[in-house]
């Protein structure tokens, strides 16, 4: 199994008198001259150049590019650039030039940005992306060059709070790429499992929401959302492996913080068949209760927008801005499958919990703009497993027996989804 590799490059700063920060940047003229030498062969794009601009306004050169990291597999790579403020950007594609020994390249001009990280080339060599080069191309323009081995498509989008430019690169199937294998702590899943049917679900990525410095919602008795969903995800992973023979990968296996965009990247790099993000709900109204399940799509529903803003740790305005971006990122024609998955999982939780405990308040299947689902290349949903802030639901969510019941319900929904898809394929 190919597992994704995470690599980060962080800014090194030196504090001086009066609390100022030295970023190791030369004067603008010298920076531009050195950058143009290092980023050779990309000053003039060819006719097939594509240009895009974000909806965020440039910050007059005040935005700092502080980090670049990537998640890789043999036919998918996500590159994430961390910025201190909003920028405009333009992307350009340059074809391979064998005569000059130049690979195909994608480059991004970050307009209104300054370089605040190590400018040495970042070696990747994952079969798609050879390396990342970065330099201060002009006084207020940072140029980032992706030297490719091969690729079939790429998309880019800007996310706020904190700002980061995300680039998804899709490779050619069976293109002979070099697989990347990284050491990764595996979740023990025993006893030995039966093999899944060839046409069935092969792999699922489960995403326990929040983690580490981000506890999520805090509920009755101080129970944290991050702990509840991690426990449920671990138990569900074991059950899926044991009873359906499905390979399961968790986006986090302990109390670790994982950025939202990296969670989707894990699912894409793993080439998962399903991506399910698990959360618990919360409300300032202590009487709010029930379950709701979401898939990614534009919406005008105010409650869904507010919930997405909370889960995305951003503002309502930024959610509205994302609706424009999303029009170009509609899950690669997996929307209908995501809707089906949401309904199967949701109805199973409502039915089973309602039978075993008490009447469940069904808040329905809805659509919203969750960052964690943006760019997913497989059917994907986000489940809000009841309210930790409700006196009864919050208390139950912390109980092992209740978590086991939720696991049974989620498992039943996934099994029913697989049965549905098999029937459709055999028609």
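The values are calculated or read from the model by the stated rules, or taken from the named source; none is laboratory data. Everything quoted here is computed from the prediction, not taken from an experiment. With ideal geometry, Cβ positions are generated from the backbone for all residues, glycine too; neighbour counts draw on all protein chains shown.
Restricting attention to segment 236-244, does a residue exist that is in contact (Cβ under 8 Å) with a residue 24 or more places away in the chain and either under 19 Å from residue 388 (Cα atoms) or assigned to a loop (DSSP other than H, G, I, E, B) (or both)? No, the conditions are met nowhere in segment 236-244. Among the residues of this structure, residue 321 does not count as one that is modelled with pLDDT of 95 or more and surrounded by fewer than 22 Cβ atoms within 10 Å (Cβ to Cβ).
With respect to the conditions (1) within 30 Å of residue 419 (Cα to Cα); (2) assigned to a loop (DSSP other than H, G, I, E, B); (3) modelled with pLDDT of 95 or more, residue 255 falls short on a single one, namely (1). Taken over segment 69-101, the criterion of being under 15 Å from the mean Cα position of the chain (by Cα) and under 21 Å from residue 113 (Cβ atoms) is satisfied by 69, 70, 78, 79, 80, 81, 82. Where strands (runs of 3 or more DSSP E) fall entirely within segment 71-132, those with at least 2 residues that are touching a residue at least 12 places away in the same chain (Cβ under 8 Å) and farther than 26 Å from residue 264 by Cα are at 113-115.
Among the residues making up segment 150-164, those that are within 19 Å of residue 127 (Cβ to Cβ) and modelled with pLDDT under 85 are 150, 151, 152.
Test residue 407 against the stated conditions and say whether it is part of a helix (DSSP H, G or I) and either closer than 20 Å to residue 277 by Cβ or touching a helix residue (DSSP H, G or I) at 6+ places or on another chain (Cβ under 9 Å) (or both). It is true that residue 407 is part of a helix (DSSP H, G or I) and either closer than 20 Å to residue 277 by Cβ or touching a helix residue (DSSP H, G or I) at 6+ places or on another chain (Cβ under 9 Å) (or both). Just one of 394, 413 is assigned by TED's automatic domain parsing to the domain that holds residue 226, more than 12 Å from residue 346 (Cα to Cα) and either surrounded by 24 or more Cβ atoms within 10 Å (Cβ to Cβ) or in contact with a helix residue (DSSP H, G or I) (Cβ under 7 Å, 6 or more places away or on another chain) (or both); which is it? Within the list 394, 413, the selection yields 394. Scan segment 325-368 residue by residue and report those that are part of a helix (DSSP H, G or I) and modelled with pLDDT under 85. Selection gives 325, 326, 331, 332, 333.
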